[in-house]
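These notes concern the structure reproduced below.
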Number of protein chains: 4
Amino acid sequence: MVGGGLGAFVGAIHRHAAALDGQIELVAGALSSTSERARESGAALGLEPARTHARWQDLLDDELRRPADERIDFVTVVTPNDLHFDVAHAFAQAGIHVVCDKPLVHDSGQASQLREAVLRSGVLFAVTYNYSGYPMVRQAREMVKAGAIGTVRKVVVEYHQGWLATKIEADRNKQASWRTDPARSGLAGALGDIGSHAENLVHSVTGLEIEQICADLDAVVAGRALDDDGSVLLRYQGGARGALLATQVATGYENDIRLRVSGTLGSLEWRQEDPNILHHLPLDAPRQMLTRHSPWLHPHAIAASRLPPGHPEGFLEAFANIYLGVAQDLRARRDGVALTPGQGDYPTLEDGARGVRFIERAVLSARSREKWTAF
Amino acid sequence: MVGGGLGAFVGAIHRHAAALDGQIELVAGALSSTSERARESGAALGLEPARTHARWQDLLDDELRRPADERIDFVTVVTPNDLHFDVAHAFAQAGIHVVCDKPLVHDSGQASQLREAVLRSGVLFAVTYNYSGYPMVRQAREMVKAGAIGTVRKVVVEYHQGWLATKIEADRNKQASWRTDPARSGLAGALGDIGSHAENLVHSVTGLEIEQICADLDAVVAGRALDDDGSVLLRYQGGARGALLATQVATGYENDIRLRVSGTLGSLEWRQEDPNILHHLPLDAPRQMLTRHSPWLHPHAIAASRLPPGHPEGFLEAFANIYLGVAQDLRARRDGVALTPGQGDYPTLEDGARGVRFIERAVLSARSREKWTAF
Amino acid sequence: MVGGGLGAFVGAIHRHAAALDGQIELVAGALSSTSERARESGAALGLEPARTHARWQDLLDDELRRPADERIDFVTVVTPNDLHFDVAHAFAQAGIHVVCDKPLVHDSGQASQLREAVLRSGVLFAVTYNYSGYPMVRQAREMVKAGAIGTVRKVVVEYHQGWLATKIEADRNKQASWRTDPARSGLAGALGDIGSHAENLVHSVTGLEIEQICADLDAVVAGRALDDDGSVLLRYQGGARGALLATQVATGYENDIRLRVSGTLGSLEWRQEDPNILHHLPLDAPRQMLTRHSPWLHPHAIAASRLPPGHPEGFLEAFANIYLGVAQDLRARRDGVALTPGQGDYPTLEDGARGVRFIERAVLSARSREKWTAF
Amino acid sequence: MVGGGLGAFVGAIHRHAAALDGQIELVAGALSSTSERARESGAALGLEPARTHARWQDLLDDELRRPADERIDFVTVVTPNDLHFDVAHAFAQAGIHVVCDKPLVHDSGQASQLREAVLRSGVLFAVTYNYSGYPMVRQAREMVKAGAIGTVRKVVVEYHQGWLATKIEADRNKQASWRTDPARSGLAGALGDIGSHAENLVHSVTGLEIEQICADLDAVVAGRALDDDGSVLLRYQGGARGALLATQVATGYENDIRLRVSGTLGSLEWRQEDPNILHHLPLDAPRQMLTRHSPWLHPHAIAASRLPPGHPEGFLEAFANIYLGVAQDLRARRDGVALTPGQGDYPTLEDGARGVRFIERAVLSARSREKWTAF
C-alpha cells in the first residue's frame, strides 16, 4: 500500500475492504512520506519493519529485489491524487498489478501514458470506484443490460455532501486541505472527488457514453480555489440525456448519492444511504422494491452479497467487492484460467481514464461560453 | 368557472378545493364550449340553467347584467392554456376578480396587457400555483425568510412524472392531447406544465430572482412537438445557483416534485408525495423532521392546516389554501379592512408573469448555442 | 348535526368530510348544549336560526314537525360518547337515518337496544370508523378477500399516539378532559378512543372474528381514571392470532396507526401517516408498493379516490368516503334501487356493536387473572 | 471455533466479524463433526491440518497441550444450540475464554452450572447478541441512561421474519431443520431464535428487568413441533410495560427487528433494516434523526463506528463490535490494566442467562391459563 498511514481516512477503508474476505493480506507499505509516521503506521498494522518504507520508490525497489513468491501481488495507491500517476506508472511498468484510488490521474495525457505502460506490462489495473461494487448497483446494471427498463432515455445522478459547507480546510482538516488544493487534487474539487463517482455510477449501470457536456461549476465558499459545487447537463450517444449534480456545500447532507435511470419500459432508483434496496418502476405495474440477496435477483448481484436479506450490508462490503474482483482476476491469471461470468468484476483503467476525461471536459465546459462542449 | 366541464381533471380539483372551507360556492359557469356538455356539466353541478353557458362571453355578459349582490364575486379560469388570456383579460377588464390556472398566458406580451388591465380595474388576480399552498412549503418559506438556513446558496428542484412516457395523446387521452399541442399549450410542454410549478415553488420558498438560465429541452417521445423532458441550470441574483429538472417521461413516476434548498446554516428538503414533513438539516445539529401543525411551526404554516398532526393532509387542502387566501382577500376588500399577516396568501399575477417569462427564456435558451441566456 | 360546535375538533372534520363531494349540506343542528354557543356555532356555519338548537331533543322535534321534503335526511352524532346512545336511539326510533361517531355506545346492552330500534324503523345507521375509508385500506380488504395473501395467519395492529403523555386534562384541554373521564368516555380510555379504531381496521381488512382476548391495560399517567395504554393479544376464529397495541402515552408520536396482515401467500402493510401506499409482500416475489389510484388496483379502491396517483390524499378524503357511502345508500333507498357493488360502503351498526363488545371484553380481560377471556 | 463449517450461515458471519478489525485471527477449529467436512472447512479457511478437528474435545485437548503463547486466546461456539452447554462449559472449565452464540443454553440449570464454571476459572464469557453492537443501539442506550427520554414507561419490540412461512425444513434447509427441532433448538423455536434477540435488545437499551410475563406462542405451520410465532406482554420492575412480538411466519419479511421505547420526556425508535438512523421524538420539540458517527452522538456510539456519516455500516460491523469488545477485554486482561469507559462492551454470561430464563418463562406462560407468570 502506498499512502494510507495512520489517520488517513481512505487508507483504513481500503484495508478493511481488502481484508474482509480473507483473501488479501497487507504485507508491505510506504504508508507515509514522513519516516516516523511511516514506521508507526507500519508497526500499528503489523508490517515487518523491513517492509515499511517512507518513500514509495523504496517500497518498489525492495519488492523487486524479493523473489517472486515473496513479492506483493499488487500495490494499492491511496495517496492524494497528485501522486497517483507516478506511483501507479512505476509499479505498472515494473510489472506489478495496481489498484488505484480515483480520480485516476490529473489529465488525459497521464492516463494515456498509464494505459501504454499497462498494455506493455500486461498488469491488472483497477480503479476503486467503489459505488459500482454495491450488489443493488450490479443488479441495476444487469437489469438495464437485460432490457428490463427498455431503452434508457434519461439519467439523473445526484451526489450531495455538506462537509465543505464551511471553510474547514482553514482548521487543518486534513481531508479538506488536500481536496481543496489544486496542486494535490487536480483540476477539480467536488467534481473530481465526488462528481467522478457519479459519472462512474451512471456508466457502470447504463453503459452510456457521453457525447456532449455542459457544466456550471462554482466555488461557493469564499477563498476556495476549486469548485465545491457543480451541475452538469449531459447528452449521451444515442440520444439519452442526463443531469449530474455534485455538491459538497449542501449543508447537513452526509453522503447522499442517488441515481435515477428512466427507460422506455421502466425506471430504476437507488440511493447509497439506503443501499440494500433498488426501486424498479415498471411502465405498467406497481413499483417494486428489490432487496439485496433475494433469490430473484441476477446471479451477479447475489454473488456480490455476503449476508442474507434483511441483514444490512453497507459501504465496506461494496468496497470489498472491488477487491474481491481483483483477487479473483489475480487468481485466474496466476492459474492461467479464464474468469467465469461475474468474476473479476471491478472498474478498470478505462473507467479511470473516462473519469479523468469527464473532469477535464467538465472544467473546460465550465470555462466556456458555448453551451455544449464535445466529449 | 370557465372550463372544467365533466371529465376535465383540473376543474373538479378547483371545485373541491374552493368548496372545502365552505366559503366559496359555484353559481355560474361556461364549463364547456360544447353546448350540450356545458348544459350537462352545469346540471350535474347544480347550477341554474340560466347561469350555465357554452360561451364564456355569454357568462360574462350575463353576470354583468345582474345586480351586484347577485353577481359572481370572481371567476376561475380552468381552460386549456390558450384561452387563459382572452378570458382573464375580459373579466379583469370588466372589473370581475380572477383566479386563473397556470401557466398564466402564452407570452410576456400577454402578461403585460393583463397586468395593465388588472392595474386599471384594480381587481384581485390569483394564479393557482397550488404547491405553494402546502403548509410545510409555507413553513419552509418562513424559515428561509427568518434566516434559519442562512444565506441560500444552492437550490435543486425536481419534478418527475412518467405519464407521458408513451405516446398516449395518440389514444385520445384528453389531458395529454392538449398538453402536447403547441396551439393549446403554448411554447412549452413539460416545462410549461410542471417546470413552471417547480420555478414557482423555488421562488415561493426562497424569493430568489433568476439572473441567467441554461436549458436543455427534449421531446423524448417520437413525434411530439413540445418538450416532454427538460433540465435547466440557473444562476440567481446574488450568486446562488440552481438546477431545475422537469420531466414527464420518467417512466413509473407519479407526481414526484421535490425541493432542496441549501444555505450557509442549513438545508431544507420537501417532497410533495410525502407533504406533511419538512426536513431541516442544520449545520451543526441532527436532522429534524418538522411535521404539519406542530406547535413549534410558524403561525402561517399552522394557519394553513386544518387537521391535527398525524392526520395526513394532501393536495386538496394545499389547493384549498390558495382559494382560502383569495376568499380572505375578497372579504377584506369588501369590508374595506386590511389583511392581517398571513391572510390573503396566494400567488399573484406577478408570479404568473414570472412563470411565463421563465418558460419563454428557457425555450429561448434551449434554442441557443450560448450557455447562458439572460433572464 | 348533534354536537360539534365551534372549537370541537371532530365536528369540524365531519363537516368538511360530509361537504367534500358536494352531496351533503348541513342545514340544522344542536351543536352545543350551551344556548349561546349553539347559536354562535350555528351562525358561523350559516344555519338558519330556526334550525339552531341547544337541546338535541328540540332539534328532533323541530325536524319531525317539518314536511318530509324539508326535513333533514340524516343526523350526525358527534357528541362525547356518553350522549351517543340517547341521541342515536331517539333519532333512529323517529325514523331518521343516523351517522354516529365511535365508539358507538357505552355497553352491549345499549348496542342491542339500538339494534332493535334500527331494525324496527329500518333506518340506515353508519358508524364513522373513518380509517376504513382510506382507498388503500379498501384495496387491502379486496386483496385479502380475493385470496392475494392466502389464509390470514397473523395480524399486528398498532396505534401510537403521544398527546396524553402528560396530564394535559389538568390544563383544561377539552379533548383530553372528556376522553379521560369515565362518565363521558365510558369503560375505556385509549382502548375505546383509538383501540376501537384498530379493532375495526383489522376487521374491515380481514373479516376475522375474535374468539378470545387477553388484555393488559394501564393508566400510565398518575391520577388518570381510564387506561391510556393497552396491549391486547387476540385469537381469532379459525386460528389466526393477533396483537393490538394502542397507546396515547407514546411521547412524540402523532397518529401512528399501522397494520400488518400476514397470510400463507403474502403480507400486507399499511401506515396511516403514509396512507397513499400499500405494501404487498408476496411469498415468492419482490415487495410491491401499491399506490393510490393506480390502474391495477381493485375498482372499489379506485372508486374511493378522487385524485390522480401522486397527488396525495389524506384523512379528510378517507373520512369523506364514509359519508359518500352513506349518501349513495340514502339515494338508493330514496330511489328504491339496489346499490351497485362498491357503493354504500361504510361501517354499520354491527361494526359499532362489535367495537363496543371489544372494549367491554378487553376491559373484562384486563381485570381478570385468566389469560384468555372469551369474546 | 467450534461449529461453523462450510455452508453454515452463522459461522461465516462470526469469522467475518472477528476478522474485520484485524485483531483476531482464526487458527484452530472443530468446524464440523463430520471428519471430512471438518478437514475441508479447515483447509478452505487456511487452518493448519494439525489444528483442524472433527471432535471439539480434540480441539480442546490439542490446545491445552500447546504452550500458552501458541494456544488460542478464546473459543467461539457457533454450533446448533444443543451443543452450546457442553462445549462452553468444557472450555470455560479449562480456563479458555469463551464467545458463545445465543441462546446461551437450553435451561437455567445449565446456565447456573456455566456461571459457576466461569466464576471458578475467571474466564471472559461473551454471548453474541449482536444487535446490541449497532452504534445507534448504543446511542439509544446512552441516551436512556442519561435521562434523555425521562423514565421509560413503554417498550415495543418487534421481530418479523418470513423465511419459515412455509415448511422449508421439509426441503432439507439446514438452517430451518435444526431451528425447528426441539432436540437441537431447545424449548422454543422463533422465541428462542429471534425473541431472545428482541429481549436482549430491550434490556441492552433500557436496563429494564422483567417482573411478569404473559406469552402466546403458536406453531403456525402445520407439523412444526416448536413455536414459529409468538406475542409476549411484559411488566417490568418499576412499572413499565412492554410488548414483544417475534414471528418467523410473517410472509415476505426479511429481518425486521424494530424497537420503540417511550419515556416521560420522549421516545426512541430504531429499525435494524435501516440501522444508521435513530429517531428521537422529544416531548416538546420536532422529531430528530440521529445518524451514525455524527459529532453530537455519545462517545461510545461514535467509538462503535468505523466509517464517516453517510457511508452505511451494517450487520457485520455491529457484529464485529462484539468481537472488538472481547478483544479489548482480552488485551486489558493480558496487560493487567483496567478497561477504559466504553471499551470491553459486549453481552455477558448474565445476558445469556437472562435470555435463557426469558425463553423458559415465556414457554411456561404459554402453557399456563394464568395471565401472568412471574419472572
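Quick look at the numbers
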quantity	calculated
Candidate set from segment A:345-375 (those that are more than 20 Å from A:Leu114 (Cβ to Cβ) and within 19 Å of the chain's Cα centre (by Cα)); member that is surrounded by the fewest Cβ atoms within 10 Å (Cβ to Cβ)	A:Asp345
B:Val127 being touching an Asp or Glu at 6+ places or on another chain (Cβ under 6 Å), of a type outside the set (S, T, N, Q) and within 15 Å of B:Ala353 (Cα to Cα)	yes
Hey, A:Glu158 within 27 Å of A:Gly7 (Cβ to Cβ) and of a type in the set (Asp, Glu) or not	no
Any hit, segment D:158-174, residues being of a type in the set (Lys, Arg) and either in contact (Cβ under 8 Å) with a residue 60 or more places away in the chain or under 27 Å from C:Tyr253 (Cα atoms) (or both)	yes
Residue match in segment B:101-112 (condition: more than 14 Å from chain A (Cβ to nearest Cβ), in contact with a strand residue (DSSP E or B) (Cβ under 7 Å, 6 or more places away or on another chain) and part of a helix (DSSP H, G or I))	no
Residue count for segment A:255-268, restricted to those that are surrounded by fewer than 24 Cβ atoms within 10 Å (Cβ to Cβ) and either within 20 Å of the chain's Cα centre (by Cα) or outside the structural domain of A:Leu234 (by TED's automatic domain parsing) (or both)	4
Pairs with Cβ under 7 Å, 6+ apart, first in segment A:313-339 and in the same structural domain as A:Ile96 (by TED's automatic domain parsing) and farther than 19 Å from A:Cys100 by Cα, second in a helix (DSSP H, G or I) and among the aromatic types (Phe, Trp, Tyr)	none
Only listed residue being under 30 Å from C:Pro275 (Cα atoms) and within 14 Å of chain A (Cβ to nearest Cβ), chosen from B:Leu268, B:Leu234	B:Leu268
Check on C:Gly11, closer than 26 Å to C:Gln175 by Cα, modelled with pLDDT under 95 and in a loop (DSSP other than H, G, I, E, B)	no
Total residues in segment C:60-73, condition over 19 Å from C:Ala38 (Cα atoms) and crowded, with 20+ Cβ neighbours inside 10 Å	0
Qualifying residue in segment C:258-266 (condition: in a loop (DSSP other than H, G, I, E, B) and either closer than 30 Å to C:Ala165 by Cα or in contact (Cβ under 8 Å) with a residue 40 or more places away in the chain (or both))	yes
Test result for B:Ala148, closer than 30 Å to B:Thr264 by Cβ and touching a helix residue (DSSP H, G or I) at 6+ places or on another chain (Cβ under 9 Å)	yes
Scan of segment A:305-338 for residues that are within 14 Å of chain D (Cβ to nearest Cβ) and assigned to a loop (DSSP other than H, G, I, E, B), ordered by number	A:Ser305, A:Arg306, A:Leu307, A:Pro308, A:Pro309, A:Gly310, A:His311, A:Pro312, A:Glu313, A:Gly314
Condition check for C:Val87: closer than 24 Å to B:Arg306 by Cβ and in contact with a strand residue (DSSP E or B) (Cβ under 8 Å, 6 or more places away or on another chain)	no
Residue among C:His300, C:His279 that is part of a strand (DSSP E or B), at pLDDT 95 or above and under 24 Å from the mean Cα position of the chain (by Cα)	C:His279
Extreme residue, farthest from D:Ser262 (Cα to Cα), among residues of segment D:120-138 that are under 18 Å from the mean Cα position of the chain (by Cα) and part of a helix (DSSP H, G or I)	D:Asn130
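Yes or no, residue by residue, for (1) within 14 Å of chain D (Cβ to nearest Cβ); (2) under 26 Å from the mean Cα position of the chain (by Cα); (3) among the basic types (Lys, Arg); (4) crowded, with 23+ Cβ neighbours inside 10 Å:
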residue	(1), (2), (3), (4)
A:Gly3	no, yes, no, yes
A:Val27	yes, yes, no, no
A:Arg39	no, no, yes, no
A:Ala43	yes, no, no, no
A:Gln57	no, yes, no, no
A:Thr76	no, yes, no, yes
A:Pro80	no, yes, no, no
A:Phe85	no, yes, no, no
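Residue by residue, here is whether (1) more than 9 Å from chain A (Cβ to nearest Cβ); (2) without any contact (Cβ under 8 Å) to a residue 60 or more places away in the chain holds:
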site	(1), (2)
B:Thr206	yes, no
B:Cys214	no, no
B:Leu226	yes, yes
B:Gly239	no, no
B:Gly242	no, no
B:Ala246	yes, no
B:Pro275	yes, no
B:Leu290	yes, no
B:His300	yes, no
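The values are calculated or read from the model by the stated rules, or taken from the named source; none is laboratory data. Remember, predicted model here, so these are calculated numbers, not experimental data. Counting neighbours? That spans all protein chains shown, and the Cβs are built from the backbone with ideal geometry, glycine included.
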